[in-house]
Structures are given as structure tokens and as C-alpha cells.
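Since the structure comes first, as C-alpha cells, the remarks are kept for the end.
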Amino acid sequence: MEKNQRDYQIEIFTAQVDVSEYLHTCVNAEEFLECCKSCPNYGKIWSCPPYSFHPEEYWRQYQTLFLYARKIIFSEEQIKQNYTPEQLNIFTNRVLQNEKQDMAKQLFLLEQKFEGSISLSAGCCQMCGRDNCTRKDNISCRFPEQMRYSIESLGGNVGLTITKYLHQELLWMTEGRLPQYFILVGGLLKK
């Protein structure tokens, strides 16, 4: 476990799985598309459905999925604290944004090491900033070379992925309280 300059700790988890196995065990594009439809990002961010391609076809372009997860571990003090909804929103947005950005940098570095690979982000793309994607205006992506899809946007079950391949468990916030940790999951698809 590494201590960082932030007010929480990070543990890194990795695993590698054949894409064909992953498709069989963790991908259900139709089910997750239905979940995506209830998200405010649906149809408004280029990294989110609906797509002009079928997600399973996207997966099948690759042979191996390298999973990369960050477990964000909060202190006892943070876990015991009661937060207002606004405080919790500000705190979690800061923490998740910092870790998603750092994770994206690490995955982009891995892309450079493996020709023909592409990373999968933890959550939706935010290259243009929150609520500033050009999709809502039907304009092409500003940063197509940097925009990445997430596992869940391509029909992957992140909860099952975390349990089956990373041997961890998702935890959720309760009203006004942080869980012991959050887990962000991304990956690298390799040819």
C-alpha cells in the first residue's frame, strides 16, 4: 500500500483475462445498455451509449484485457464523520476526479508500451470538463485520440469484474457516510 500526498491511501490491483472469457463471464451489453439509459450522460457524452457499433464487436477486436484498479482507502476519521449531502458530493468528486485523472495517465502510458492497445477509463470521459462534451450539440469529439470508453459503457459488469478477477468487493456510501473504500476499475485492451 502506498501513501500519497492526499488524505487517503491507494492500493493497486491488476489482473489479466482473455477477452473471449471476459465476454462470456462479465459482458451483457443489452442489460447494461438499459442501465445506461437511466444515466444523465446517456447520449450526451461521446464515451457513453448509444453507439454506432455493437459493444461486443468492440471487445472482439482484442485478445487480452489487462484490468487495472485503484482502491481508495479512507481513514477511520473520514469513515466515522457524518457529511451533509453537499460536503459528501464535494469530497467524493475531488477524490474520484484526482484518481481518475491519475489512472488515465497510467493507462495512456501502458498504451504506448503495447502497440495496437487501447485503454478503458474508469467512468465516462471528462476531457472537455463536466457537461461540456460536444455530443449534446451533435458536434464531433474535440479529443477523439484521448476519449476512451469505460468497461461498463461497453456492457461490462464492473461489480462482477471486481469480485471475480480482482478478488475485492464493492462498497457503497450510506446517507452522509463514506464507505471504507471506493474502487475504480479501468483497463487495457491488447491485440
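The values are calculated or read from the model by the stated rules, or taken from the named source; none is laboratory data. All of these numbers come straight from a predicted model, not from anything done at the bench. Note that we place each Cβ from the backbone using ideal geometry, even for glycine, and neighbour counts take in every protein chain shown. The accessibility values were calculated without ligands, DNA or RNA, using every heavy atom of the protein model including side chains. Shrake-Rupley method; radii C 1.70, N 1.55, O 1.52, S 1.80 Å.
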Fluctuation leader among W46, W172, W59 - the chain, Gaussian network, Cα springs under 10 angstrom
W172
With all protein chains present, calculate the accessible area of K80 using a 1.4 Å probe and round the result to the nearest 10 Å².
130 Å²
If we restrict to alpha carbons, what Rg and Dmax does the range 65-171 come to, in Å?
16.0, 47
Can you send over the solvent-accessible area of S153, 1.4 Å probe, protein chains only, in Å² to the nearest 10?
10 Å²
The answer for the net charge of residues other than G43 whose Cβ lies under 13 angstrom from its Cβ, with Lys and Arg +1 and Asp and Glu -1, is +3
Can you send over the solvent-accessible area of D7, 1.4 Å probe, protein chains only, in Å² to the nearest 10?
70 Å²
So which of K136/K190; K113/K164; K105/K190; K37/K191 end up more than 23 Å apart by C-alpha?
K136/K190; K113/K164; K37/K191
Given a 1.4 Å probe, how much area per residue of the range 86-191 is accessible, in Å²?
55 Å²
Expressed as a percent, the accessible surface of the range 60-164 that is carbon or sulfur, using a 1.4 Å probe and the full set of protein chains, is 49 percent
In what order, largest first, do R94, R135 sit by accessible area if the probe radius is 1.4 Å?
R94, R135
Contour excess over end-to-end distance, with Cα ends at Q9 and I90 and 0.36 nm allotted per residue
27.3 nm
Segment L109-T25, extension gain: residue separation times 0.36 nm, minus the distance between their alpha carbons
27.5 nm
Between beta-carbons, use under 12 Å as the cut-off and find the net charge around F32, counting Lys and Arg +1, Asp and Glu -1.
-4
